[in-house]
Amino acid sequence: MDSATEKHLCPSVSPDIETTRNTSVDADALKLAEMGYAQDMKRNYSVWSVLGVGFSLTNSWFGISASLITGINSGGPILIIYGIMLIALISTCVGISLSELASAMPNAGGQYFWANELAPKRFTRIASYLTGWLAWWGAMFTSASVALAMGSAMVGCYQLGHPDFVIKPWNVFVAYQLANIFCFLFNCYGKTLPTVAQTTLWTSLVSFAVILITVPAVAPTHQHAKFVFATFINNTGWQQGGIAFIVGLVNTNWSFACLDCATHLAEEVHQPERMVPVAIMGTVTIGFVTSWFFSMAIFFSIVGDFAEIGASATGVPILEIFYRALNHKAGAVVLEVFIIATGLGCLVASHTWQSRLCWSFARDRGLPAHRWLATVHKGLDVPLNAHCVSCGIVAVMGCLYLASLTAFNSMITACIVLLYLSYAIPVVCLLIRGRNKIPHGPFWLGPVGLVANIVLLIWTLFTLIMYSFPYAKPVAAGNMNYVSVVYAIVAFITGMDWVFRGRKSFRGAGERMVEKGSSGGTTVDVPRH
């Protein structure tokens, strides 16, 4: 490593940091101080609780069950079975890329912090600022998509027990808001969050096991292997089967999204340079195993016409599958309750994630009202203001469903693509700087990491273009893919904030170290690119 690079990433420290070192304060807090940050959050998380948050959020088998309605029409069993394999492979590359950076530079800011550290000097602030906004928006759209899935599931359970009830958009909207408010409460007290995270992890695994065993065991008939492994269904109106497959792949991709979640808990776990990569790669591994076996078991257990399942009056295909397999409404509702419990745990984890993103970005003045948003409530040990604002925006996002019944697909597409873009920016900066010109963390895969970086960038470009296609043809106002409108709104808000506030107040790595040195009455070397 050359001396200039070493000086940038390991700048000389101010006397107050030297005092910290000499008093043998926690090594993790010292590393954080060398980055220019104070230890504001307590390190309450273990590797299991970080894995719990990460997997509870990604929760691949739950994602497949919640988004099955699009998969039924856009590829059928082939899409789900082989799509999971494809997305799991790509997600492994994404996980490797994130893990390498998290291991080298563990910080709650995650990708926006890495962009700040790695981008060329002239682009440092804008690269970091843009990454932070993309990540935060992506996190909030994730919460919105999960809350909408929960709203649909709860209303669907009611409809199954009341066949005369006709589901209207406002019914799902109200259930969406109730799910958002309920899960909001869990993130208001920091000390219980690690326990909640581990509980949601086990809830997900137990729910998976119960459904995996029960449904195939009680189904009166079973599909043949050809149906599960070689049946392609295209009810999208697209004449090209490949386009139909890609349209449906959005939902499979959603099941492996949000892999950066664990990186934003780097300041709440000991030895984050080791623990965060374990959580990220563990999430991908568990996600693939559970989602693939879950999908296979469900498809073998389908009773009746596949098309009728997609047209179920409940609006929830997985619930209809349960009902046909068990031939018992109460039993089907019980299994769906397992999925709802898992989904609520997913939403709690998503709220944890988005609040940490908001808080960490605000402390570098990346958001309006940054002083207020960057405050950690000392009694509750959570960034309560950031949590309230993020959940409030998610509540407003629910209005999209009232405007379009395809809002769910638009939400998950925005979630996927915005997050991929936020990963791509620091990875591009890393490749420009040179992978071997930064200090490596314990998790570093050399040439394998380079391949993973390239796959991530190619896939990001692919999703940005292909996931913007309409979900069905002929295209009408009710089934239009409005994700391009979402991109435009995000770009407008981010751009306006940058022009009128961000470009003047947002601080990068150099400003952090200068301010830290100035506050101690000394100066420090400012890292240069």
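The values are calculated or read from the model by the stated rules, or taken from the named source; none is laboratory data. Quick caveat: nothing in here was measured; it's all calculated off a predicted structure. Virtual Cβ from ideal backbone geometry, glycine too; neighbours counted across all protein chains shown. Surface accessibility is based on the protein's heavy atoms, side chains included, excluding ligands, DNA and RNA. Shrake-Rupley method; radii C 1.70, N 1.55, O 1.52, S 1.80 Å.
Looking at the range 357-404, which of its residues are in a helix (DSSP H, G or I), more than 18 Å from ALA147 (Cβ to Cβ), in contact (Cβ under 8 Å) with a residue 40 or more places away in the chain and open to solvent by less than 10 Å² (accessible area, probe 1.4 Å)?
Correct list: TRP359, SER360, PHE361.
Output the residues belonging to the range 135-156 that are open to solvent by 20 Å² or more (accessible area, probe 1.4 Å) and either of a type in the set (A, V, I, L, M, F, W, C) or closer than 23 Å to CYS358 by Cβ (or both).
The answer is TRP137, MET154.
Might you check whether a residue that is polar (S, T, N, Q), surrounded by fewer than 24 Cβ atoms within 10 Å (Cβ to Cβ) and either modelled with pLDDT under 75 or in a helix (DSSP H, G or I) (or both) occurs anywhere in the range 55-70?
no
What is the one condition in (1) among the aromatic types (Phe, Trp, Tyr); (2) open to solvent by 30 Å² or more (accessible area, probe 1.4 Å); (3) under 16 Å from CYS261 (Cα atoms) that TYR323 does not satisfy?
Every listed condition holds for TYR323 apart from (3).
With the structure loaded, tell me whether THR252 is surrounded by fewer than 22 Cβ atoms within 10 Å (Cβ to Cβ), modelled with pLDDT of 85 or more and among the polar types (S, T, N, Q) or whether it fails that test.
no
Only one residue in TYR82, TYR129, TYR112 is of a type in the set (Ser, Thr, Tyr), open to solvent by 10 Å² or more (accessible area, probe 1.4 Å) and part of a helix (DSSP H, G or I), so which one is that?
TYR82
Looking only at the range 115-124, count how many residues are of a type in the set (D, E, K, R) and surrounded by 23 or more Cβ atoms within 10 Å (Cβ to Cβ).
Residues that pass the stated criteria total 1.
Does ALA219 meet the test of being touching a Phe, Trp or Tyr at 6+ places or on another chain (Cβ under 6 Å) and aliphatic (A, V, I, L, M)?
Answer is no for this residue.
Taking only the range 406-457 into account, find how many residues are part of a helix (DSSP H, G or I), among the hydroxyl-bearing types (Ser, Thr, Tyr) and more than 20 Å from TYR112 (Cα to Cα).
Number satisfying all stated conditions: 2.
Can you give me the number of residues within the range 217-276 that are more than 28 Å from MET466 (Cα to Cα) and not in a helix (DSSP H, G or I)?
Summing the residues that are more than 28 Å from MET466 (Cα to Cα) and not in a helix (DSSP H, G or I) in the range 217-276 gives 12.
Being modelled with pLDDT of 95 or more and surrounded by fewer than 20 Cβ atoms within 10 Å (Cβ to Cβ) narrows it down to one of ILE167, ILE181, so name that one.
ILE181
Would you please list the contacts, defined by Cβ atoms under 8 Å and residues six or more apart or on different chains, that run from a residue in the range 226-249 that is within 17 Å of TRP292 (Cβ to Cβ) to a residue that is open to solvent by 30 Å² or more (accessible area, probe 1.4 Å) and of a type outside the set (Val, Ile, Thr)?
Cβ pairs passing all conditions: VAL228/MET296; VAL228/PHE300; GLY248/ASN73; LEU249/LEU86.
Going by the structure shown, is GLY161 at pLDDT 90 or above, over 28 Å from LEU456 (Cβ atoms) and surrounded by fewer than 14 Cβ atoms within 10 Å (Cβ to Cβ)?
It is true that GLY161 is at pLDDT 90 or above, over 28 Å from LEU456 (Cβ atoms) and surrounded by fewer than 14 Cβ atoms within 10 Å (Cβ to Cβ).
Checking the structure you have, find out if any residue of the range 278-298 is crowded, with 19+ Cβ neighbours inside 10 Å and part of a loop (DSSP other than H, G, I, E, B).
No, every residue in the range 278-298 fails to be crowded, with 19+ Cβ neighbours inside 10 Å and part of a loop (DSSP other than H, G, I, E, B).
Residues to consider are THR142, THR195; find the one that is under 24 Å from the mean Cα position of the chain (by Cα), among the hydroxyl-bearing types (Ser, Thr, Tyr), modelled with pLDDT under 90 and in a helix (DSSP H, G or I).
THR195
For the range 301-346, name all the residues that are among the charged types (D, E, K, R) and at pLDDT 90 or above.
Those that are among the charged types (D, E, K, R) and at pLDDT 90 or above: GLU320, ARG324, LYS329, GLU336.
Let me confirm something: among SER152, SER143, which residue is among the small types (Gly, Ala, Ser) and within 26 Å of VAL269 (Cβ to Cβ)?
After ruling out the rest, the residue left standing is SER143.
From the list THR192, THR252, which one is touching a Gly at 6+ places or on another chain (Cβ under 7 Å) and among the polar types (S, T, N, Q)?
Going through THR192, THR252 in turn, the sole match is THR252.
Of all residues in the range 458-482, how many are assigned to a helix (DSSP H, G or I) and without any contact (Cβ under 8 Å) to a residue 60 or more places away in the chain?
Selection size over the range 458-482: 6.
Just checking, how many residues over the range 381-410 are at pLDDT below 90, closer than 16 Å to GLU267 by Cα and not charged (D, E, K, R)?
1
Just a yes or no: is a residue in the range 320-331 out of contact with any Asp or Glu (no Cβ under 7 Å at 6 or more places or on another chain), under 24 Å from TYR471 (Cα atoms) and hydrophobic (A, V, I, L, M, F, W, C)?
Yes, the range 320-331 has at least one match.
Return yes when VAL206 is open to solvent by less than 50 Å² (accessible area, probe 1.4 Å), in a helix (DSSP H, G or I) and aliphatic (A, V, I, L, M) and no when it is not.
no
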